[in-house]
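Here's the structure, in structure tokens; my notes come after.
We did not get these values from a lab; they are worked out from the coordinates using the rules stated. Since the model is a prediction, treat every value here as computed from it, not as a measurement. Here Cβ is always computed from backbone atoms with ideal geometry, including for glycine, and neighbour counts include all displayed protein chains.
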Amino acid sequence: MAKKEKLSVEPYKGVRDFYPEDQAFLNYILATMREVVERFGYAEYHASILEPAELYKGKGVENEEIINDQSYTFLDRGGREVTLRPEMTPTVARMVAGKRRELGFPLRLYSIPNVFRYERPQRGRLREHWQLNVDLFGSNAAAADAEVIAVAYSVMIAFGAKESDFTIKLGSRNFTDSLITKIGLDGAQAAKFRRLLDQRGKIPENKFMEDLATLGVALEMLSPEKPPKDVAEVLSILTDEMGIGNAVFDPGVIRGFNYYTGVVFEVFDTHPDNSRAMFGGGRYENLTALFDEEQVPGVGFGMGDVTIRDFLAVRGLVPPYTPRTRVYLAAASATSVSAALALAGELRAEGIAVAVDFGEKKLGDQIKAAAKHKIPYVIVVGPDEIAKGTYVARNLETGGEAVLTKEALSEFFLNL
Ligand code: HAM
């Protein structure tokens, strides 16, 4: 009989499986983000992965590349066009517009959604990622821009980064727009110019210079001596009041989305093996106007888990994996299993995470399984232990042993 073709164990192209160690690392990333943004007074919100496709096609939200080439859009059974969200900003703008009268402003919101983009998978780019979104609505103050940038900075510091590990580059849509007016570029040329600025560093520098020349823009015009007023204001708050030493003006920072209207920023990794934009954001004044008569200004950023992983990996900042399970109960023989189950129940009632072996394999193999799971301790439950009421907790990494009465066990594991 012909052997039946097996299904692939690989996940869909560009997305990831999270085995327990990967999931623990992701959880660490999400918990670190959460802790920092909540310290700044941001409240969590959530929404569905599914959005009507028109949300991204609407005027203002439109980002040609993301919508035409990178969206996962399909027809549902009712013939409606649905998109797996490629970003969170249109969603949060919709939610803010939807309850504008009930919500208090300034409004500080955060979420860590899973987002989807049909991109060519490469280092730092996948088709699915988790993205921290931090957004502040209802303020025009430069201090609001500075605050979200300070949140981004503090997230980096919480991951163990030093100031020299990253640079926060601030650009200005106002500056680019005034340049466009000054040079006299028409609509199509202006779009080309913005795209070109956004691509600088991603395309060869001579190609950049060539395209710049074609548009009739001199390189000097891109590097004014002083930052424009909006950037200067934010920079001075960051530097003088918040003590942030790695924020600079960079007229080349422009960002891909059309909805940005003011100061925009990107955080760059300074490591030579990883020198790229890690994440970014900016001010957008008009997005809620898509849904509502009155517009609420917003400023925020999105930070993905993929680029921060690379950042942590090249610096040895990835925390070691330890599972939540503290102890594995191995059964010396099939007859000890019920005693092991009972002991596990008692320990769990005390709040200790315990896994139990069902005694189907030799003791050595049971212990090997515990070691593969990286569970720190094993206790062998056998007739002797049951009779005496004392147990030996063996540390699988060091080989060290602690002899404990049943009563002392929970205390021991709770204090690990
Ligand atoms: P974005 O720059 O498109 O901005 O994405 C934000 C961050 O998400 C990126 O800098 C990167 O860390 C991560 N990211 C984006 N695409 C991918 C991908 N294909 N694979 C891995 N990571 C990725 C936005 O999405 C804006 N909505 C952010 C924002 C929020 N602006 C204001 N508020």
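Kindly provide the set of residues from the stretch 83-95 that are within 12 Å of the ligand (Cβ to nearest atom) and not in a loop (DSSP other than H, G, I, E, B), ordered by number.
Residues satisfying the conditions are Thr89, Pro90, Thr91, Val92, Ala93.
Within the stretch 155-175, the residues that satisfy the criterion of being of a type in the set (Val, Ile, Thr) and either more than 21 Å from Pro251 (Cα to Cα) or in contact with a helix residue (DSSP H, G or I) (Cβ under 9 Å, 6 or more places away or on another chain) (or both) are Val155, Ile157, Ile168.
Among the residues of the stretch 25-54 satisfying the criterion of being assigned to a helix (DSSP H, G or I) and more than 14 Å from the chain's Cα centre (by Cα), which is farthest from Pro90 (Cα to Cα)? Across the stretch 25-54, the extreme among qualifying residues is Arg39.
Residues that are more than 10 Å from the ligand (Cβ to nearest atom), among the hydrophobic types (A, V, I, L, M, F, W, C) and in contact (Cβ under 8 Å) with a residue 24 or more places away in the chain within the stretch 110-143 comprise Ile112, Phe137, Ala142, Ala143, listed in sequence order.
Hey, among Gly399, Gly359, Gly351, Gly364, which residue is over 26 Å from Ala24 (Cβ atoms) and assigned to a loop (DSSP other than H, G, I, E, B)?
Only one candidate qualifies: Gly359.
Here the helices (runs of 4 or more DSSP H) wholly within the stretch 180-287 that include at least 1 residues being under 25 Å from the mean Cα position of the chain (by Cα) are 187-199, 229-236.
Determine the pairs where a residue that is farther than 13 Å from Pro320 by Cα, located within the stretch 14-25, has a partner that is not in a helix (DSSP H, G or I) with Cβ atoms under 6 Å apart, the partner being 6 or more residues away or on another chain. Final answer for the pair search is Gly14/Pro121; Gly14/Leu126; Gly14/Arg127; Val15/Arg127; Val15/Glu128; Asp17/Pro11. The residues in the stretch 244-292 that are crowded, with 20+ Cβ neighbours inside 10 Å, within 15 Å of Lys169 (Cβ to Cβ) and of a type in the set (Ser, Thr, Tyr) can be counted, and the count is 1.
Would you confirm whether or not the stretch 294-306 contains a residue that is away from the ligand (no atom under 16 Å from the Cβ) and not polar (S, T, N, Q)? So far as the stretch 294-306 goes, yes, one or more of its residues are away from the ligand (no atom under 16 Å from the Cβ) and not polar (S, T, N, Q).
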